[in-house]
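The values are calculated or read from the model by the stated rules, or taken from the named source; none is laboratory data. All values derive from a computational prediction rather than experimental measurement. Neighbour counts are summed over all protein chains in view; Cβ atoms, including those assigned to glycine, are modelled from backbone coordinates with ideal geometry.
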Amino acid sequence: MSGLELRNIVKNFGAVEVIRDVSLEVNDGEFVAFVGPSGCGKSTLLRLIAGLDKPSGGSIAIDGKDVTEIGAADRGLAMVFQSYALYPHMSVRENLAFGLENTKVAKAEIEARIADAARMLEIEPFLQRRPGQLSGGQRQRVAIGRAIVRRPDAFLLDEPLSNLDAELRVSMRAELAALHARLKATMIYVTHDQVEAMTLADRIVVLRGGRIEQVGTPLELYNKPANRFVAGFIGAPH
Ligand code: ADP
Ligand code: MG
């Protein structure tokens, strides 16, 4: 198969089982949202997919190839964090280029990708500024731009909008939808905001205590929640 396949993933931190037997398939180009209350394991699961951490059990395959033992740099994925994780001492341009400069990507190609991402995200006027001279929304665009220039097969986004004010969150939500339509890349999107998940995702994965409670389209979860927890979380009548 193509896409991403998680098989019986378990993750323990010491004696605590944080991810409990999670199996999931994500299709190429799909927009999947992970939702669930704080501490349910969303970020941990995303980090395992990214290769930033190793599962205690189970396996992960990308495009049919087992990547469980393969490091983050070689998985062809790009992660965007809530905290932006930009380098404060570098310009926006340098932040975008960082991570591409010591790869096989040619200099001219790096320049072309930066120009393209900057245009797409409307951050061209800020390329020479440092992150500290940008607003929260602009910084988050740079963080997304840094993922885009890598041309990943999949984007892993961990609550990318949660530090933004409500108004900006709504406009960035629309931008993310447009970006997904344009890039046609797989997006796995962690959020604790059910409205975000319902409006953006092709499918929603509801997590609770490290387990999957239900997977389905927004409409399926709304119309046929598996239990009261899902119904309550999605905001469906129950
Ligand atoms: P979420 O992103 O859904 O809020 P997390 O994946 O961050 O949840 O955390 C899930 C659980 O795992 C929490 O109880 C958290 O305290 C614990 N946890 C996460 N990372 C670590 C770690 N590196 N060491 C120990 N416990 C951790
Ligand atoms: Mg988290």
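Could you please find all residues in the range 150-172 being outside any loop (DSSP other than H, G, I, E, B) and either farther than 20 Å from VAL195 by Cα or under 15 Å from the mean Cα position of the chain (by Cα) (or both)? Selection gives ALA154, PHE155, LEU156, LEU157, ASP158, MET172. Annotation: of all residues in the range 184-198 being on the phi < 0 side of the Ramachandran plot and among the charged types (D, E, K, R), the one that is nearest to ligand 2 (Cβ to nearest atom) is ASP193.
Can you say whether PRO152 is touching a residue at least 60 places away in the same chain (Cβ under 8 Å) and within 16 Å of ligand 2 (Cβ to nearest atom), as far as the supplied structure shows? So PRO152 fails the test.
If you check ALA181, ALA201, ALA177, ALA166 for being on the phi < 0 side of the Ramachandran plot and in contact (Cβ under 8 Å) with a residue 60 or more places away in the chain, only one passes: ALA201. At least 3 residues being of a type in the set (Asp, Glu) is the threshold, and among the helices (runs of 4 or more DSSP H) wholly inside the range 39-149 those reaching it are 107-121.
So in the range 219-236, with the set limited to residues that are surrounded by fewer than 19 Cβ atoms within 10 Å (Cβ to Cβ) and touching a helix residue (DSSP H, G or I) at 6+ places or on another chain (Cβ under 7 Å), which one is nearest to VAL32 (Cα to Cα)?
That would be TYR222.
Which residue pairs have Cβ atoms closer than 9 Å, lie 6 or more positions apart in sequence or on different chains, and pair a first residue in the range 84-112 that is within 22 Å of ASP74 (Cα to Cα) and small (Gly, Ala, Ser) with a second residue that is in a loop (DSSP other than H, G, I, E, B) and at pLDDT 95 or above? Filtered contacts from the range 84-112: ALA97/MET90.
Residues in the range 6-20 that are surrounded by fewer than 16 Cβ atoms within 10 Å (Cβ to Cβ) and within 16 Å of ligand 2 (Cβ to nearest atom) were compared, and the one that is nearest to the chain's Cα centre (by Cα) is PHE13. Of everything in the range 125-151, what is among the polar types (S, T, N, Q), closer than 14 Å to GLN82 by Cα and surrounded by fewer than 22 Cβ atoms within 10 Å (Cβ to Cβ)? Give them in sequence order. Hit for the range 125-151 is GLN138, nothing else.
Let's see how each residue does on (1) within 16 Å of ligand 1 (Cβ to nearest atom); (2) under 15 Å from the mean Cα position of the chain (by Cα); (3) outside any helix (DSSP H, G or I); (4) of a type outside the set (A, V, I, L, M):
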residue: TYR189; (1), (2), (3), (4): yes, yes, yes, yes
residue: HIS192; (1), (2), (3), (4): yes, yes, yes, yes
residue: THR199; (1), (2), (3), (4): no, no, no, yes
residue: ILE204; (1), (2), (3), (4): yes, yes, yes, no
residue: GLU213; (1), (2), (3), (4): yes, no, yes, yes
residue: LEU219; (1), (2), (3), (4): no, no, no, no
residue: TYR222; (1), (2), (3), (4): no, no, no, yes
residue: GLY232; (1), (2), (3), (4): no, no, no, yes
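Per this entry, SER23 is not counted among residues that are small (Gly, Ala, Ser) and outside any strand (DSSP E or B). Of the residues making up the range 24-73, those that are more than 12 Å from ligand 1 (Cβ to nearest atom), surrounded by fewer than 16 Cβ atoms within 10 Å (Cβ to Cβ) and touching a residue at least 60 places away in the same chain (Cβ under 8 Å) are ASN27, ASP28, ASP63, GLY64. Restricting attention to the range 74-118 and to residues that are of a type in the set (Lys, Arg) and at pLDDT 90 or above, the residue that is surrounded by the most Cβ atoms within 10 Å (Cβ to Cβ) turns out to be ARG75. Within the range 8-22, residues that are on the phi > 0 side of the Ramachandran plot sit with their Cβ atoms under 8 Å from residues that are among the β-branched types (Val, Ile, Thr) and part of a strand (DSSP E or B), at 6+ positions apart or across chains, in these pairs: ASN8/VAL22; ASP21/ILE9; ASP21/VAL10. The set of residues from the range 173-185 being part of a helix (DSSP H, G or I) and surrounded by fewer than 20 Cβ atoms within 10 Å (Cβ to Cβ) comprises ARG173, ALA174, GLU175, ALA177, ALA178, LEU179, ALA181, ARG182, LEU183.
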